[in-house]
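Below you'll find the structure, written out as structure tokens, and then a few comments.
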Amino acid sequence: MKTVTHWIGGKPFGDASGATGAWAPVTDPATGEVTTQVALAGADEVDAAVAAARTAYATWSTSPLARRTAILFRYRALLDARRDDIAALITAEQGKIHSDALAEVARGLEIVELACGLGMALKGDTSTDVSSGTDVASIRRPLGVIVGISPFNFPAMISMWMFPMAIACGNTFVHKPSGKAPSASMLLAELAAEAGVPDGVLNILHGDKSAVDALLDHPDVAAVSFVGSTPVARHVYSRASAGGKRVQALGGAKNHMLVLPDADLDAAAEAAVSAAYGSAGQRCMAVSVVVAVGSTGDALVSRIAERATKVKIGPGNDPTSDMGPLVTKEHRDEVAEYVARAAAQGAEVVLDGRDFTVEGLENGYWMGISLLDRVRTDSDAYRNEIFGPVLCVLRAETYEQAMEIINGSPYGNAGAIFTRDGGAARRFQLEVEVGMVGVNVPMPVPVGYHSFGGWKDSAFGDHRMYGSEAVHFYTRGKVVTSRWPDPAETATGPDLGFPTSH
């Protein structure tokens with residue numbers, strides 16, 4: 001059986017069961033078979049990883065920016081050459097189809113490319129002669145050891161959203177990936193070492209809640225970046241910030257797509273199916289709620305159902321599959337339970353995916369597409385993040401009623417509007433209480449040179465991910481005020497050849 005250990009100080013760390021003697025199984029979601037065991041960190045491994053990062057920080061933080069970015073350029077080339085291998089690891093452990101996994105790697109590479117050109121973002125500002133012979137300069141300095149904690153659904157992309165920017169800024173990094181899909185992060189670390197990232201600058205630590213809490217409490221950790229569910233994001237933010245650490249913690253979502261009566265319903269239906277069921281709905285940017293305004297509801301639901309039934313579900317390594325399995329049996333059962341409760345709480349189950357299976361792979365964690373119409377705002381399917389291939393449709397009589405529904409949600413990650421009216425779109429983008437807005441775009445994931453993050457219970461902390469806000473998160477400002485008297489006016493000291501008067 002394949003074994004995944006830690007990566008500390010530039011090399012694998014720990015034996016087949018981890019130095020603590022604890023390990024966890026990793027399954028192939030398409031078959032249900034245990035294919036891998038991953039080592040779980042105890043206190044010794046946590047201390048070793050942080051110590052390696054702290055030691056490396058002393059020299060990495062003072063290394064020339066040109067050297068750091070040159071390494072990242074080489075890293076980008078290696079990642080590009082191995083993108084198929086990275087995607088295959090994602091498919092084997094997370095379950096998404098290979099094309100989705102390749103797209104994940106491509107989005108991660110976008111942030112590596114951003115880190116390669118970080119020089120402009122890290123340069124400071126200078127004001128001369130603010131007073132007689134006095135200058136003021138603003139500079140940015142790295143923080144120290146950064147911890148990154150990433151989820152199972154994008155095991156490569158979200159990792160690359162974190163550590164390339166952090167190390168480009170001069171920090172060192174301890175990354176704790178999800179134990180459900182640990183292998184991609186190990187390949188990322190191996191390629192970083194091949195590119196020339198010094199030992200200890202990037203470390204990979206696998207573990208459960210005890211390891212996470214140990215990292216959050218560790219006195220040598222300066223900042224924590226997290227992506228996951230809202231309850232865990234709140235815990236990470238509260239615990240780490242209580243210890244004086246800088247924290248960005250991105251949580252869950254319930255993204256709404258508002259469809260106005262003037263919208264192109266065919267385009268809206270296509271977008272809803274893609275955004276709701278792509279990656280089996282296991283993404284924080286998925287559209288999980290459609291709010292249909294006025295008379296659009298029946299026609300829109302009919303179009304969505306027609307298109308959804310054509311989605312082919314199968315193993316991720318089958319090039320004909322459009323959607324793969326869910327990540328674990330427990331998660332699959334939880335998603336199915338939401339569909340069952342929705343029917344009991346008044347929703348119309350247009351499509352029910354609970355009994356879906358794939359012939360020959362009956363032990364896989366399969367969930368078919370589910371479409372719930374006329375969902376109530378007090379139902380469990382609406383109030384909670386389901387994180388599966390389930391789309392809820394709500395009806396609203398007016399735009400104002402729809403906005404009350406959307407802005408009444410405790411989540412504020414993303415939202416989209418489908419309309420042909422520019423004035424309505426402009427009003428929506430100003431009024432909707434979310435951090436990322438799409439206009440006729442169902443999943444408005446910002447490009448790398450902007451920043452990613454939501455509002456309300458979808459994000460904790462003052463900084464977003466990647467883009468310019470990542471530079472501010474991974475560095476801190478320092479202002480230097482200096483005064484150097486003109487050498488011609490200096491009464492004492494060496495003779496530098498300046499005339500004594502102007």
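The values are calculated or read from the model by the stated rules, or taken from the named source; none is laboratory data. All values reported here derive from a predicted model rather than from experimental measurement. So basically every Cβ, Gly included, is an ideal-geometry build from the backbone, and we count neighbours across all protein chains shown. Please note that ligands, DNA and RNA were not included when accessible areas were found on the heavy atoms of the full protein model with its side chains. Shrake-Rupley method; radii C 1.70, N 1.55, O 1.52, S 1.80 Å.
For the subset of the range 136-154 comprising residues that are aliphatic (A, V, I, L, M) and farther than 30 Å from ASP213 by Cβ, which member is most open to solvent (accessible area, probe 1.4 Å)? Lay out the reasoning, then the answer.
First pass over the range 136-154, keeping only residues aliphatic (A, V, I, L, M): 136-137, 139, 143, 145-147, 149.
Going one step further and asking which of them are farther than 30 Å from ASP213 by Cβ, we end up with 136-137, 139.
Values: VAL136: 40, ALA137: 26, ILE139: 63 Å².
Among those that are aliphatic (A, V, I, L, M) and farther than 30 Å from ASP213 by Cβ, it is ILE139.
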So which residues in the range 341-382 are closer than 28 Å to VAL26 by Cα and outside any loop (DSSP other than H, G, I, E, B)?
SER370
What number of residues within the range 415-435 are open to solvent by 10 Å² or more (accessible area, probe 1.4 Å) and closer than 20 Å to GLY251 by Cβ?
3
A careful count of residues in the range 93-104 that are in a helix (DSSP H, G or I) and either crowded, with 23+ Cβ neighbours inside 10 Å or at pLDDT below 95 (or both) gives 5
Across the range 453-489, which residue is farthest from ARG141 (Cα to Cα) among those that are basic (Lys, Arg) and either touching a residue at least 60 places away in the same chain (Cβ under 8 Å) or crowded, with 20+ Cβ neighbours inside 10 Å (or both)?
ARG483
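Take the range 383-401 and flag every residue that is polar (S, T, N, Q) and either open to solvent by less than 10 Å² (accessible area, probe 1.4 Å) or not in a loop (DSSP other than H, G, I, E, B) (or both). Before the answer, list the steps.
Residues of the range 383-401 that are polar (S, T, N, Q), as a first pass: 384, 398, 401.
Result: GLN401, single match.
Select, from THR5, THR69, the only residue that is over 14 Å from ILE167 (Cα atoms) and of a type in the set (S, T, N, Q).
Values: THR69 fails: over 14 Å from ILE167 (Cα atoms).
From the options THR5, THR69, the qualifying one is THR5.
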For a quick check of your reading of the model, give me the residue pairs whose first member lies in the range 378-394 and is without any contact (Cβ under 8 Å) to a residue 40 or more places away in the chain and hydroxyl-bearing (Ser, Thr, Tyr), whose second is surrounded by 22 or more Cβ atoms within 10 Å (Cβ to Cβ) and assigned to a strand (DSSP E or B), with beta-carbon atoms closer than 9 Å and at least 6 apart or on different chains.
SER379/LEU372; SER379/CYS392
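Being under 18 Å from SER370 (Cβ atoms) and in contact (Cβ under 8 Å) with a residue 40 or more places away in the chain narrows it down to one of SER274, SER302, so name that one. Give the derivation first.
Values: SER302 fails: in contact (Cβ under 8 Å) with a residue 40 or more places away in the chain.
One residue alone meets the criteria, SER274.
In the set GLY133, GLY170, which member is open to solvent by 20 Å² or more (accessible area, probe 1.4 Å) and in contact with a strand residue (DSSP E or B) (Cβ under 8 Å, 6 or more places away or on another chain)? Don't jump to the end; show me each part of the working.
Working: GLY170 fails: open to solvent by 20 Å² or more (accessible area, probe 1.4 Å).
Residue meeting the stated conditions: GLY133.
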If you scan the range 2-55, which residues turn out to be aliphatic (A, V, I, L, M), closer than 30 Å to GLY360 by Cβ and out of contact with any strand residue (DSSP E or B) (no Cβ under 6 Å at 6 or more places or on another chain)?
ALA30
Over the range 105-117, the set of residues out of contact with any Lys or Arg (no Cβ under 8 Å at 6 or more places or on another chain) and either open to solvent by less than 40 Å² (accessible area, probe 1.4 Å) or free of Cβ contacts under 8 Å to residues at least 12 places away in the same chain (or both) is GLY108, ILE111, ALA115
Report whether or not GLU337 is part of a loop (DSSP other than H, G, I, E, B) and out of contact with any strand residue (DSSP E or B) (no Cβ under 7 Å at 6 or more places or on another chain).
no
